[in-house]
Every structure is written in C-alpha cells, then in structure tokens.
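Everything on this sheet refers to the single structure shown next.
The values are calculated or read from the model by the stated rules, or taken from the named source; none is laboratory data. As the structure is a computational prediction, the values presented were derived from the model and not from experiment. In this analysis, Cβ positions are derived from the backbone assuming ideal geometry, glycine residues included, and neighbour counts consider all displayed protein chains. Heads up: the accessible areas ignore ligands, DNA and RNA and are worked out on the full protein's heavy atoms, side chains in. Shrake-Rupley method; radii C 1.70, N 1.55, O 1.52, S 1.80 Å.
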Amino acid sequence: SKSPVRVAVTGAAGQIGYALLFRIASGEMLGKDQPVILQLLEIPDEKAQNALKGVIMELDDCAFPLLAGIVATGDPEVAFKDADYALLVGARPRGPGMERKDLLSANAQIFTAQGKALNKVASRNVKVLVVGNPANTNAYIAMKSAPDLPAKNFTAMLRLDHNRAASQIAAKLGKPVDSIEKLAVWGNHSPTMYADYRFATIGGASVKDSINDEAWNKDTFLPTVGKRGAAIIAARGLSSAASAANAAIDHMRDWALGTNGKWVTMGVPSKGEYGIPKDVIFGYPVTTENGEYKIVEGLAIDAFSQERIDFTLKELLEEQDGVKHLL
Ligand code: NAX
C-alpha cells in the first residue's frame, strides 16, 4: 500500500476548510488508495485554534481509513513541513471601510510569510493551490517569496469559474455537464475573468454553434458567471464554500492524477503564452499528465476575446503593481 502524503491546508477552521477537509481525508482528492496526513494552519488566536480543535474532533469521529495523521498549528513552518500539497485557503477578508489597496497589502503580508515558509520547509515538489482572494495575486506573491521552489509549483484557483461556466452551458443546452470538453477560462479569478466556449464541445457538437447567440454570450453568460459569487452571497448570506471546496478538490485531483487529455482551467505562472507577461498567474486552459500541467497553446484569439483577455490582464497587472513595493 502507498505511504502517506502530507497535505497542508490553511484557514482550516473557516467555511471552505469545513467543506474541504473531510473530502481530502476520505480520498476524493488524491485517490481512494492514498493515505494522507493533514497539516492544518489557523491564525494563532485562541478562538480560531479552538474552532480548529472542534473540526479535528469531527475528523477523528469520521474514522477515515485513509487519514494517517493530523497536525494542528498556528505556525506556517510547522504546517508546511515536508508538505507535498498545500492548499492556501486562509486569507484576510475585506472588512468594513477597507480599501482595495489595504486588502491587497494585508494579504501580501500573509502570502509573503507563507511563501517564505514553503520555501524553507516544504517538499521541493510541493504543489501549491491558492484559493484565498485575491487568489492570482496571492499566488504570485507566494511564488516570488519562494525563490528556491520551481515557479510552476504555484497555482491559483480558477476552477470554480470553470465549473460555473460549464454548469451554465449545460443548463442552456439541456445536456449533461460532463459531456462538455474544451472549455477555457482566461485571466483573473474575479468578475473580469473571460469564460470562453468558442472551442468547447458538448456531446461532440460545437457549443458555440449549438447556442448560436452572441448576445446570450455577452449579456447573459459572461455576467452570470462573473457575478456568480455575489449572487450566492446575496442568496445565502455567506460566500460560496461547498462549491469552492469542490473546485479545490477538482483542481488538485486533476493536477495530481491527470485529465486524460481533457481541458481544465488552472491559474498558472505565464511563460509568455498568449502574450501574457512572464510570471503573471493567469487562468489558462491546461491538460495534465504525470503530475504536470501543460497550457493548451495555439488557440486562435479573435478581437472580442483579445479585448476580454486584455481587460482581465490589466486588472492583474494593477494588483501586482499594488504589492510590488512589498516583495
Ligand atoms: P472564512 O473567513 O470562513 O475562513 C477563512 C479562515 O482563514 C478563517 O478561519 C481565518 O481565521 C483563517 N485565516 C486567515 N488568515 C490566516 C492566515 N494568515 N493563516 C492561516 N489561516 C488564516 O473564509 P472562507 O469562506 O473559507 O474563504 C476563504 C478564502 O477563499 C477567502 O479569501 C475567499 O475570498 C476565498 N474564495 C476564493 C474562491 C476562488 O474561486 N478562488 C471562491 C470562494 C472564496 O470566496
């Protein structure tokens, strides 16, 4: 049988953590034959550490056969020690009266410290997924703070946007969601992302031709996917958690176990693909195999798509500019 791998999760007592940890421990992320050791980070504050203790009691009470150990800590160097996977979920939410630049710099401090800790103690092959917002820029900061780890090991979560887009298309066409292939989401995990179904197929047929309605794309589909997070907050009174945890599971599972040629969306550091400046963490269509992702290259970018890609890139470059003095 396989030896256990170490999975670090930050923000482990938060809402996404609560929807995520049980699924990792049950084998949904890395396979039903892969034992895991959970290394859980929360802020040192007593209330958060107590909440984390409660979550661990429940993990214990599940008696998961694959759960080979649990570490709970307030110290990133303990949480990331020898970590094979790191899911960086914890982040500073926007408080009342907080400006965008305050939010960026509060998170820059967290992700600088966590990047340094990963650099120092994690496995040299650690696969890092940043979920905490602003996810792309936080991943960029962590990557820049970990110069001894390969840049390609740092990724941001665009999978929730990808899954939201797939679900809207399936509903529109009345076909099963898993019959969709070749869907892409470009750019930032924010309402500026560009969900692009020009190449997509559903049950083998072209999605674009089947929908055949450019106005629906512009006026319904893109705004619905872009504002989905806000719609869930408005309806539930809380931000998406179970669907976010599900997307994190999908992202890591596909990265670790491969997609068999299927496209998925990951936020990954650019090496210049599609004219995106190097190291910007950008949502791209990728395929994965043997624990490595590969950006799908050579796709035609029409004028509308170029405009949307430029728009989301501009936002990302502004975010990077807002934190550059901290790196
Ligand atoms: P919660 O506020 O419920 O939980 C966050 C937890 O992180 C808290 O328990 C907090 O104590 C902890 N935390 C804060 N700073 C920390 C640090 N420095 N080290 C360790 N733990 C720390 O938020 P939740 O709903 O779980 O959302 C977590 C993050 O995911 C937020 O930043 C949220 O904006 C982001 N999201 C990202 C999504 C994506 O698609 N990339 C979608 C869902 C979600 O909105």
Subject >> Residues that are among the aliphatic types (A, V, I, L, M), farther than 20 Å from Leu238 by Cβ and exposed (fewer than 15 other Cβ atoms within 10 Å of the Cβ), drawn from region 88-110 >> reply: none
**OP:** Would you mind telling me which numbered condition in (1) touching a residue at least 24 places away in the same chain (Cβ under 8 Å); (2) open to solvent by less than 40 Å² (accessible area, probe 1.4 Å) Ser206 fails?
**Re:** (1)
**OP:** Tally the residues that are near the ligand (Cβ under 10 Å from one of its atoms), surrounded by 15 or more Cβ atoms within 10 Å (Cβ to Cβ) and outside any loop (DSSP other than H, G, I, E, B), restricting the search to region 225-273.
**Re:** 10
Original post:
So, of the residues in region 148-166 that are within 16 Å of the ligand (Cβ to nearest atom) and of a type in the set (Lys, Arg), which turns out to be farthest from Thr137 (Cα to Cα)?
Top reply: Arg164
**OP:** Kindly provide the set of residues from region 18-28 that are open to solvent by less than 10 Å² (accessible area, probe 1.4 Å) and either among the β-branched types (Val, Ile, Thr) or within 16 Å of the ligand (Cβ to nearest atom) (or both), ordered by number.
**Re:** Leu20, Leu21, Ile24
**OP:** Pairs only if they're at least six apart or on different chains, beta carbon under 6 angstrom, first in region 1-21 and in contact (Cβ under 8 Å) with a residue 40 or more places away in the chain, second open to solvent by 60 Å² or more (accessible area, probe 1.4 Å) and within 11 Å of the ligand (Cβ to nearest atom); list them, first residue then second.
**Re:** Ala19/Ala242
Original post:
Among the residues of region 167-188, is any within 16 Å of the ligand (Cβ to nearest atom), hydroxyl-bearing (Ser, Thr, Tyr) and touching a residue at least 40 places away in the same chain (Cβ under 8 Å)?
Top reply: no
Subject >> Residues that are among the hydrophobic types (A, V, I, L, M, F, W, C) and more than 17 Å from the chain's Cα centre (by Cα), drawn from region 79-107 >> reply: Ala79, Phe80, Ala83, Met98, Leu103, Leu104, Ala106
Subject >> Residue list for region 300-318, restricted to those being over 19 Å from Thr137 (Cα atoms) and open to solvent by 30 Å² or more (accessible area, probe 1.4 Å) >> reply: Ala300, Ile301, Asp302, Ala303, Phe304, Gln306, Glu307
Subject >> Selection from region 6-17 of residues that are farther than 12 Å from Leu52 by Cα and either open to solvent by less than 10 Å² (accessible area, probe 1.4 Å) or in contact with a strand residue (DSSP E or B) (Cβ under 6 Å, 6 or more places away or on another chain) (or both) >> reply: Arg6, Val7, Ala8
